[in-house]
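Okay, structure first, notes after.
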Amino acid sequence: MLNKDNTISKVLINAYVIVLLVLLFRLFSNFFLNFPLHYDEAQYWSWSKQIEWGYYSKPPLLAWLINMNVFMCGDEESCLRLFSPLMHSITCIIIIYTGYCLLKDINVSVFLGLIYLLMPGVTFSSFFISTDVPLLLFSALTALSLIKIIQSNFKNIRYYLIFAAAISLGILSKYAMLYLFFSIVISSFFSDKIKKLVLSYNFLISLILIITFISPHIIWNMKNGFVTFNHTFDNANTSNLKINILEPIVFFLSQFFVFGIFPLLFI
């Protein structure tokens with residue numbers, strides 16, 4: 001057992017060193033390259049000057065993160081993007097821990113985390129301000145909390161609180177987080193464990209907490225004509241949906257540029 005613990009510790013230390021080196025490389029690259037802000041990034045930066053519970057096209061968390069970065073190190077482009085590589089590194093660590101909770105194999109778990117960290121899409125994302133970065137982090141944290149809830153036999157309230165916080169912060173990052181929440185509910189029709197989770201008293205408490213956490217954003221939207229919600233629905237453009245056989249093929253092939261050839265073949 002002692003040898004096994006030592007092996008796990010060594011693998012984890014090596015993994016954390018790699019994560020730290022990748023993080024430092026991305027931070028220094030951001031600093032030296034100093035890309036000018038894209039017009040979307042400039043818009044997010046302007047929002048961050050006035051803290052609100054919502055903005056024209058996005059929930060508020062992105063602007064809050066930029067505001068925090070500005071407070072810490074100023075208005076330089078590299079500083080505004082500080083949270084992107086940092087959050088991707090934290091997501092990588094969450095994935096490693098999640099993999100170990102499921103598989104009890106530290107080597108495979110580290111491999112999973114590093115695949116995420118080194119994917120082309122994640123590397124590209126580390127150099128820009130994007131709502132996808134916190135969305136991915138809180139999605140990973142939601143998945144981990146669900147696994148821990150099930151493994152604790154649905155009794156540990158701490159994991160329900162983490163679940164509620166992760167879902168809430170994910171929604172305040174990007175509305176796409178709702179897809180994950182609805183997927184959990186739908187999966188309860190096919191999985192006894194998820195069904196037990198969804199029907200539990202603690203899950204109801206989690207729902208109440210989620211509604212409470214995001215209620216200021218909902219109230220802000222009510223006061224502003226649901227501008228953020230309407231913009232999201234307008235982008236969906238559901239009234240002009242057309243069947244196009246070529247588009248799914250193009251979308252699938254483009255994922256090789258996001259995930260990389262090797263990870264996508266695994267998927």
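Scanning the chain for chymotrypsin sites (Phe, Trp or Tyr not before Pro) in DSSP loops with at most 11 neighbouring Cβ atoms within 10 Å leaves 57-188 as the longest stretch between them. Think of the chain as having a plus end and a minus end, set by charges on the Cβ of Lys, Arg, Asp and Glu; of THR7, ASN202, ILE93, ASN202 sits farthest toward the positive end of this dipole.
Any idea what the dipole of region 90-202 comes to, in debye rounded to 20, about its Cα centre with Lys/Arg Cβ at +1 and Asp/Glu Cβ at -1?
Working: 8 positive and 3 negative charges, 78 e Å.
The dipole of region 90-202 has a size of about 380 debye.
Per-residue extension of 0.36 nm, minus the Cα-Cα distance of TYR179 and PHE111, leaves a gain of 21.8 nm for this segment. Subtracting the Cα-Cα distance of LYS49 and PHE189 from 0.36 nm times their residue separation leaves 45.9 nm of extension gain.
By the rule of a C-alpha distance below 26 Å, with chain neighbours fewer than 8 residues away ignored, the lysines paired with LYS155 are LYS104, LYS193, LYS195, LYS196. Among VAL185, LEU21, TYR44, pick out the residue whose Cα is farthest towards the positive end of the charge dipole of the chain, where Lys and Arg carry +1 and Asp and Glu carry -1 on C-beta, about the Cα centre. It is VAL185, whose Cα lies furthest towards the positive end. The trypsin sites (Lys or Arg not before Pro) of region 18-107 that DSSP puts in a loop, and whose beta carbon has at most 11 other beta carbons within 10 Å, are LYS49, LYS104. What region 1-122 shows is 55 Å² of accessible area per residue, with the surface traced by a 1.4 Å probe over protein heavy atoms.
Counting Lys and Arg as +1 and Asp and Glu as -1, what is the net charge of the other residues whose Cβ lies under 15 Å from the Cβ of LEU62? Working shown, then result.
Values: positive: LYS49, LYS58, ARG81, LYS174; negative: ASP40, GLU41, GLU52, ASP132.
After counting each charged neighbour, the total is 0.
Heavy-atom surface analysis with a 1.4 Å probe gives the chain a carbon and sulfur content of 71 percent of its accessible area. A simple charge model with +1 on the Cβ of Lys and Arg, -1 on the Cβ of Asp and Glu and nothing else charged puts the dipole of region 1-122 at about 380 debye relative to its Cα centre.
Within 14 Å, Cβ to Cβ, of TYR160, how many net charges do the neighbouring residues add up to if Lys/Arg are +1 and Asp/Glu are -1?
Working: positive: LYS148, LYS155, ARG158, LYS196; negative: none.
Taking every other residue near TYR160 into account, the sum is +4.
Extending 7 Å from Cα along the Cβ direction at ILE205 and again at LEU161 yields two label points whose distance is 0.9 nm.
By how many nm would the segment from ILE267 to ILE219 grow when fully extended, if each residue of separation counts as 0.36 nm and the alpha-carbon distance is taken off? Intermediate results must be reported in sequence, preceding the final value.
Values: separation 48, 0.36 × 48 = 17.28 nm, distance 3.95 nm.
Value of the extension gain: 13.3 nm.
The values are calculated or read from the model by the stated rules, or taken from the named source; none is laboratory data. From a predicted model like this one, the values you see are computed outputs, not experimental measurements. Please note: Cβ atoms are built from the backbone with ideal geometry, for glycine as well, and neighbour counts cover all protein chains shown. Surface accessibility is based on the protein's heavy atoms, side chains included, excluding ligands, DNA and RNA. Shrake-Rupley method; radii C 1.70, N 1.55, O 1.52, S 1.80 Å.
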